[in-house]
Every structure is written in structure tokens, then in C-alpha cells.
Amino acid sequence: MIRFHNVSKTINQVQVIKGLDLQIREGELFVLIGPSGCGKTTTMKMINRLVEPSSGTIEINGEDISKKDPVQLRRNIGYVIQQIALFPHMTIGQNVSIVPKLKNVPSQECERRVDELLDLVGLDPKKFKDRYPSELSGGQQQRVGVIRAMAADPPIILMDEPFSALDPITREQLQDEFVRLQKAIKKTIVFVTHDMDEALKIADRICLMKDGSIVQIDKPAQLLQNPAGEFVIEFIGPKRLQKHLREYNTSQPPGEIGPLQTGTSKSGGVR
Ligand SMILES: Nc1ncnc2c1ncn2[C@@H]1O[C@H](COP(=O)(O)OP(=O)(O)O)[C@@H](O)[C@H]1O
Ligand SMILES: [Mg+2]
């Protein structure tokens, strides 16, 4: 449903994105990962046109997004960033219903949706709907940021390191909730992280980038089983590689995963 055709981006005479070709499927949780500066955020921001490609095209459902009105486009693409900025002078309920209201969803329906979403992330609507952001913990605010992006029921959600500012325990809780939530709502989600454990835990497919290019796109198990070269092994880390492979080997039916191979093919996955 989201397709990059030979997309490049040059900023200050430096090519930071180099001829990306990729397809993100409908209902898939697609994780972009790689070292700092490799181009994850730039790639993501091209999907909602916060950044325009220097060349190449991006299509959503076969339509070239450069021909669409950016404001209209963004109303159908939820966006969550690391330091979500809830509006401080609006209640949680008002924050979550901003976009549905912009889209003229009737207010009763808005109320219902806000309650339902708060419930989904374990925040009792009766308790939290009328509070202000400053009355919530960091983890609670980030949960609100996530459901705010979902409130207008957009088919696509972009998430740029949404959990990375949280303490490890809260982060793991949110990852678990998020996996459950995604099983229920089945959105097309593009999720940026630099944390391989997070990627392995949540992704349907992982796209590992380096210096503006794709190194490997694969399902987590495949990435572990058949890392495409030294960079992938190094990025995953040999210890994690062994640990996760052991976990997969004990949790998957026999035959799903073979012994660790260090393949040299550029990618085993669909591009
Ligand atoms: N607005 C900008 N001005 C100058 N350089 C930028 C800008 N945005 C991104 N870059 C550069 O592009 C590269 C990719 O950045 P980014 O997509 O933010 O990487 P990541 O999210 O993977 O850390 C980096 O080298 C970064 O410095
Ligand atoms: Mg980034």
C-alpha cells in the first residue's frame, strides 16, 4: 500500500537517502531501524510530506502522494514522535479528539471513541478524560499520544521512536500494549527505532538501513537466521543474535528456524 520508487533526498548537497525501493503492506507493522543519522526519520517524513523527495516517487494505494494536498494527506496519516506534545491547555479528552473533530465526526461519536481508546491503553476514561497533560506521568502522556494518532482512525500511522524517552519498564509495558493494540486494529504502521530488541519484539518486518540505503528487509526470525552480512550481525550484536535465536528455537514449531547462517545476499525479503 505504501511504495517507494527509487526515492532519493539530498540535503545541503549531501545525498542522505539513496534510491530507496520498498513496499509496505497493508496492515503490516514495518520497522525502520539503523544507526543514528542513517535516514530513518527522513524516510518516514517523506510519507506524510513533511519532507519532499529530491527524486523518485512515493505512492499510497497506487496514488502518487506528491499530487495530493499535504493537509488532507496528513489527516489520514497518524503521527507519533518521541517527545509528543499534547496541548497543555486542553484536557486529555480534547487532545485525543482534535483530528476527529476536524473531520466533523459528531461529538457523541468522538466521546465514545475517546473512551474506547483510553480503555484500550489502560487509562480509565472517568479518571483521565478531564485531566490536563501535566497531571499525567511521562508514560501515560505517551499512551495518550499514541491513541491521539489513532483517534481519527487513519489507515496509516507513522511512529518515530515513540517509546525511546521512557524508562525501560514503562517502555516494555507500552511495547506489550502496543503489540496487543495492533493485533486488534491492524493498521499499516511505520515505526522507527534504533533499539533492536524493540524491533524484534514488535515488527512484522524489519528494514535495516545504513547511510541512506537499505541493507536488509526481512521478518524478525529471518533477520536473525540469515543476517545479510557483517553489518547486520554487528548491528544486531552477536550476543543478542544467539539469545533471540535460542528463544525462537524454543517458541517456534520445529523446522521454522534452522541453524544460524551468515548469508551474503543483500536481502532475502520482498522489497
Ligand atoms: N533538515 C536537515 N538539515 C540538514 N541535515 C539534515 C536535515 N535532516 C536530516 N539531515 C541529515 O540527514 C541524515 C539523516 O537524518 P535522519 O533521517 O534524521 O536520520 P535518523 O532518523 O536515522 O537518525 C543525517 O546525516 C542528518 O544529519
Ligand atoms: Mg530520527
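The values are calculated or read from the model by the stated rules, or taken from the named source; none is laboratory data. Since the model is a prediction, treat every value here as computed from it, not as a measurement. A quick note on method: Cβ atoms are made from the backbone with ideal geometry, for glycine too, and the neighbour counts reach across all protein chains shown.
What the table shows:
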read-out: Failed item, numbered, when LEU158 is tested on (1) of a type in the set (A, V, I, L, M); (2) modelled with pLDDT of 95 or more; (3) not in a strand (DSSP E or B); value: (3)
read-out: Filter result for PRO53 (assigned to a loop (DSSP other than H, G, I, E, B) and surrounded by 19 or more Cβ atoms within 10 Å (Cβ to Cβ)); value: yes
read-out: Enumeration of residues in the range 70-99 that are under 22 Å from the mean Cα position of the chain (by Cα), part of a helix (DSSP H, G or I) and not basic (Lys, Arg); value: PRO70, VAL71, GLN72, LEU73, ASN95, VAL96, ILE98, VAL99
read-out: Any hit, the range 197-216, residues being among the small types (Gly, Ala, Ser), at pLDDT 90 or above, within 16 Å of ligand 1 (Cβ to nearest atom) and within 23 Å of HIS244 (Cα to Cα); value: yes
read-out: Matching option when the condition is hydrophobic (A, V, I, L, M, F, W, C) and crowded, with 20+ Cβ neighbours inside 10 Å, among ILE47, ILE11; value: ILE47
read-out: Subset of the range 18-40 that is of a type in the set (Lys, Arg) and closer than 18 Å to ILE189 by Cα - its residue that is farthest from ligand 2 (Cβ to nearest atom); value: ARG25
read-out: Residue tally, condition away from ligand 2 (no atom under 15 Å from the Cβ), in contact with a Lys or Arg (Cβ under 7 Å, 6 or more places away or on another chain) and assigned to a strand (DSSP E or B), over the range 165-209; value: 1
read-out: Close pairs from the range 154-176: first farther than 23 Å from ASN76 by Cα and within 16 Å of ligand 1 (Cβ to nearest atom), partner basic (Lys, Arg) and in a helix (DSSP H, G or I), Cβ under 9 Å, at least 6 apart; value: SER164/ARG171; ALA165/ARG171
read-out: One residue from THR91, THR41 being away from ligand 1 (no atom under 12 Å from the Cβ) and in contact with an Asp or Glu (Cβ under 9 Å, 6 or more places away or on another chain); value: THR91
read-out: Total residues in the range 59-69, condition part of a strand (DSSP E or B) and either more than 22 Å from MET150 (Cβ to Cβ) or small (Gly, Ala, Ser) (or both); value: 3
